[in-house]
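Trainee: Before we start, here is the structure in question, set down as structure tokens.
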Amino acid sequence: MKKSISSILIALLLISISCTSQKNSSGKNLSVDFKIQSSYLLIPVEEKAPEIKISVSTSNPTDQSSFDVHLAVDKIDYWVPLDVKKLRDQKLTLSFLGVSESFLGIKEIKQSDKFDFEYNEKYRPQFHFTPEHGWMNDPNGMVYLDGEYHLFYQYNPYGSMWANMSWGHAVSTDLTSWTYFPTALTPDSLGAIFSGSAVIDVNNTAGFGKNAMVAIYTSAGKVQAQSIAYSTDKGRTFTKYAGNPVLPNPGITDFRDPKVSWNEAANQWIMALATKQTVTFFGSPNLKDWTKLSEFGEGIGSHAAVWECPDLFPLIYNGKTKWVLLVSINPGGPNGGSATQYFIGDFDGKTFKPDTLPYPLWLDYGRDNYAGVTFSNIPKTDGRQIFMGWMSNWDYANQVPTKDFRSAMTVARELTITNNGKHLILNSYPVNEFNNLKDIVSEKPDLQVDKEATITELLKNNDGSYEIEMTIKPGNAVEFGFSLNNSKNETLKFNFDNATGFLSIDRKNSGLINFNDRFALGMNAPLIKKDAYRIRLLVDKASAEIFINEGEVTMSTLFFPSECMNQLKFYSQTGKFGVEAIKINNIK
Ligand code: FRU
């Protein structure tokens, strides 16, 4: 059932609007008093309007906060909720900087007991995690504890664009469906809450309690520094440590995104931190006192821009432990904008030594997988290194055509090291839990493609969330491929070119593209010629993730078709190729 804002019973209980004496170049400073009689104050947003600061104050002088919002001037795109449940019958004052009384965002603020919006808007994915409403970027603090996978994430509760960085929170028991939890960490006097990680302090090294969940994040205020917060109720509530920041800024601008893990050999916590265009490793016995161990990155990999969101973890390859270092970079990805590179090597508890490989190597060659890291505290009996990334790109993330929410995560993927026939690579492949989501499975006959072949209907009642599995045997075809299509002639094309050695995705004609002129840029992944390409393509309303040969080549892409793509077309420029074991799986 669709919900709509207009059906909400609204009680507007505005006491007074008063102009303060201050004025600035872009408007006045106004204060509005409310007697709170409902659960929410609903604030109108117009995304194109300038961002202004709203300060919130109550009769309790310690209860002051502020946030930034694109307050509606003359059009309301959507509403955002300020939760005032705890203030019933009390007076609350909102102070606005640089506004005018005529702003819709001031005239139309409402009290309401419900914050209702169209959750199932057109491009809301079904089996990918999205924030309930508001903006999301990087996954943060991913940690497993007592049967629950915790996903925290960069979150703006006051709009669908980047601002007010907080840690949103969701919990899953199966890595495929998620329950929303209240926002876990909100900005404070040290700044916004940027990306970071969470660990379970099994041995109570920090003194917050045995098995405390400790979040290590960047306080992004005037400078960037690392802070911690702990939870002794399995992530339900967090207390910020009074001694923050635990790792102060040493005088560099980009000093962020701590990823912490326990290193048994070194018998201490290791933090990988993005420091300008390197990763600096720090060690600590207790999560509070950190010592610099080493710095990695100069002269190796891509240095097109600042490094972000590192992650260091071991994987077993051929019976031996290898260490993988993930480093996100923006811009400078192989296909423009943001992307995640990786290094494979050894870590002796202090220093990371990369193997000689043809760097830069990229975890996902699509345009839409950024800032991904792995879960900590996965039980040894499971042993997987489980990854999730943010399925967008800083090139256009703030403009993608969704409304009450923006951005999704990739599906959870297992990372492994394999050899692609030329060298070691980092594989990523959907976790097995996804197989449980397959609903109706439709098998299609094998095809021999000579120029063209079409499967005219993938699924009956296709709602845009499905999986395609098939094996392509290139035979003597050199340039060939397939596309998803709809009746509006929109198409998302996957082109295999064994002459140039690339798999390319073309989304120029895939639907809405002109919200940003960099969205239609092409994307290529290196492709090694093989006799067979086993393909798994996960499609979820507005995204496609392709995995070739169990994750040897991975590309993630967004696309915004005007109707669901329910046709699959194959083509060959030269020669014939076979398509076998074609299955279309509806995803529940
Ligand atoms: C990566 C990033 C991080 C930072 C966060 C802020 O996308 O820029 O480096 O902590 O986003 O939201």
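The values are calculated or read from the model by the stated rules, or taken from the named source; none is laboratory data. Everything numeric here is computed off the predicted structure, so don't read it as measured data. Ideal geometry is used to build each Cβ from the backbone, glycine not excepted, and the neighbour counts take in all protein chains shown. To get the accessible areas, we keep the full protein, side chains included, count just its heavy atoms, and leave off ligands, DNA and RNA. Shrake-Rupley method; radii C 1.70, N 1.55, O 1.52, S 1.80 Å.
Trainee: How much accessible area per residue does the chain have, in Å², with a 1.4 Å probe? If you can, show how the numbers build up before the last one.
Mentor: On the way: 23420 Å² over 588 residues.
On a per-residue basis, the chain sits at 40 Å².
Trainee: To continue, here is another question. For labels at THR381 and ILE300 in the simple 7 Å Cα→Cβ model, what's the distance in nm?
Mentor: With each label placed 7 Å out from Cα toward Cβ, I get 3.7 nm.
Trainee: Sticking with this one: Quick check for me: using +1 on Lys/Arg Cβ and -1 on Asp/Glu Cβ, what's the dipole size of segment 297-409 about its Cα centre, in debye to the nearest 20? Please list the in-between numbers first.
Mentor: Values: 9 positive and 11 negative charges, 45 e Å.
Charge dipole, segment 297-409, about its Cα centre: 220 debye, nearest 20.
Trainee: Projecting each Cα onto the charge dipole of segment 437-587 (Lys/Arg +1, Asp/Glu -1 at the beta carbon, about the Cα centre), which of MET555, LEU527, VAL441 comes out farthest on the positive side?
Mentor: LEU527
Trainee: Among TYR153, VAL579, LEU568, whose Cα lies farthest out toward the positive end of the dipole of the chain, if unit charges sit on the beta carbon of Lys, Arg (+1) and Asp, Glu (-1)?
Mentor: TYR153
Trainee: So, one more: Label segment 277-427 by shape, choosing from rounded, prolate and oblate, from the square roots a ≥ b ≥ c of the eigenvalues of the Cα gyration tensor; if a/c is under 1.5 it is rounded, and otherwise prolate applies when a/b is larger than b/c, oblate when it is not.
Mentor: Numbers: a/c = 1.41, a/b = 1.38, b/c = 1.02.
Note, shape of segment 277-427 comes out rounded.
Trainee: Give me, ordered by chain and number, the residues 5 or more places off ARG406 or on other chains with an amide H under 5 Å from its own placed amide H.
Mentor: Answer set, sorted by chain and number: GLY134, TRP135, MET136.
Trainee: Students often check this: by mean Cβ neighbours within 10 Å, which of 360-373, 275-288 ranks highest, and how do the rest follow? Kindly include the intermediate steps, with their values, before the conclusion.
Mentor: Numbers: 360-373: 26.1, 275-288: 19.6.
Ranking the peptides 360-373, 275-288 by packing returns 360-373, 275-288.
Trainee: Sticking with this one: Assign one of three labels to segment 441-499, namely rounded, prolate or oblate, based on the Cα gyration tensor with a ≥ b ≥ c the square roots of its eigenvalues; rounded applies when a/c is under 1.5, prolate when it is not and a/b is larger than b/c, and oblate otherwise. Walk me through the numbers on the way to the answer.
Mentor: Working: a/c = 2.11, a/b = 1.55, b/c = 1.36.
Verdict is prolate for segment 441-499.
Trainee: Under a point spin-label approximation (7 Å from Cα along Cα-to-Cβ), what is the ASP89-ASN419 distance to one decimal in nm?
Mentor: Reported label-point gap for ASP89 and ASN419 is 7.5 nm.
Trainee: Between the DSSP loop rule and a limit of at most 11 other Cβ atoms within 10 Å, which GluC sites (Glu not before Pro) in segment 267-371 are left? Don't skip to the answer; put the middle values down first.
Mentor: Details: sites: GLU295, GLU298, GLU308; in loops: GLU298.
Qualifying residues, ordered by number: GLU298.
Trainee: Too long at a 18 Å Cα-Cα cut-off: which of LYS473/LYS569; LYS322/LYS529; LYS451/LYS473; LYS530/LYS583? The partial results should precede the final answer.
Mentor: On the way: LYS473/LYS569 16 Å; LYS322/LYS529 27 Å; LYS451/LYS473 15 Å; LYS530/LYS583 21 Å.
In this structure, LYS322/LYS529; LYS530/LYS583 lie more than 18 Å apart at Cα.
Trainee: Something else now. By how many nm would the segment from ASP188 to GLU101 grow when fully extended, if each residue of separation counts as 0.36 nm and the alpha-carbon distance is taken off?
Mentor: Details: separation 87, 0.36 × 87 = 31.32 nm, distance 2.91 nm.
Extra length available between ASP188 and GLU101 comes to 28.4 nm.
Trainee: Another question, if that's okay. Among all lysine pairs in segment 52-210 that are eight or more places apart or on different chains, how many have alpha carbons less than 18 angstrom apart?
Mentor: Working: LYS53/LYS107; LYS75/LYS107; LYS75/LYS110; LYS85/LYS110; LYS85/LYS114; LYS86/LYS110; LYS86/LYS114; LYS91/LYS110.
Number of lysine pairs found: 8.
Trainee: Taking the highest mean first, how do the peptides 546-552, 507-513, 432-438, 386-392 order by number of other beta carbon atoms within 10 angstrom per residue?
Mentor: 386-392, 546-552, 507-513, 432-438
Trainee: Can you give the charge dipole size of segment 14-112 about its Cα centre, rounded to the nearest 20 debye, using +1 on the beta carbon of Lys and Arg and -1 on the beta carbon of Asp and Glu?
Mentor: Details: 12 positive and 12 negative charges, 57 e Å.
Here the size comes out at about 280 debye.
Trainee: Label points 7 Å out from Cα along the Cβ direction at ARG534 and ALA581: separation in nm?
Mentor: The answer from the label model is 0.5 nm.
Trainee: If a/c stays under 1.5 just call it rounded; otherwise compare a/b with b/c (prolate if a/b is bigger, oblate if not). Do that for segment 310-374, with a ≥ b ≥ c from the square roots of the Cα gyration tensor eigenvalues.
Mentor: Verdict is prolate for segment 310-374.
Trainee: Right, another one. Mind listing the Cα extents of the chain along all three principal axes, in Å, largest one first?
Mentor: Here the Cα extents, ordered largest to smallest, are 77, 58, 43 Å.
Trainee: Given the convex hull over the Cα atoms of segment 460-588, what projected area results after averaging over all orientations, in nm²?
Mentor: Numbers: hull surface 31.3 nm².
For the Cα atoms of segment 460-588, the hull's average projected area reads 7.8 nm².
Trainee: Report the Stokes-Einstein translational diffusion coefficient (µm² s⁻¹, integer) for segment 134-430, Rh taken as the Kirkwood radius over Cα pairs, at 4 °C with viscosity 1.567 mPa s. Present the calculation step by step, with values, prior to reporting the outcome.
Mentor: Working: Rh = 19.0 Å.
Rounded to a whole number, D works out at 68 µm²/s.
Trainee: Roughly how many debye, to the nearest 20, is the charge dipole of segment 59-204 about its Cα centre, given +1 on each Lys and Arg Cβ, -1 on each Asp and Glu Cβ, and no other charges? Please list the in-between numbers first.
Mentor: Details: 10 positive and 19 negative charges, 67 e Å.
Its charge dipole is roughly 320 debye.
Trainee: Now for a different question. Working out 0.36 nm times the residue gap between LEU512 and LYS122, then minus their Cα-Cα distance, what length gain in nm do you get to one decimal?
Mentor: Working: separation 390, 0.36 × 390 = 140.40 nm, distance 1.24 nm.
Full extension of this stretch gives 139.2 nm more.
Trainee: Then there's this: Binning at 10 Å from 0, report for segment 14-112 what percent of all alpha-carbon pair distances ends up in each bin.
Mentor: Taking every Cα pair in segment 14-112, the percentages come to 16, 52, 29, 3.
Trainee: For GLN573, put the label point 7 Å out on the Cα→Cβ axis and report which residues of segment 498-517 keep their amide N under 15 Å from it.
Mentor: 498-506
Trainee: If the chain between GLN399 and THR232 were fully stretched, how many nm would it gain, using 0.36 nm times the residue separation less the Cα-Cα distance?
Mentor: Numbers: separation 167, 0.36 × 167 = 60.12 nm, distance 3.84 nm.
Extra length available between GLN399 and THR232 comes to 56.3 nm.
Trainee: At a 1.4 Å probe, what is the % contribution of carbon and sulfur to the accessible area of segment 213-281?
Mentor: Numbers: 1330 of 2680 Å².
Carbon and sulfur: 49 percent of the exposed surface of segment 213-281.
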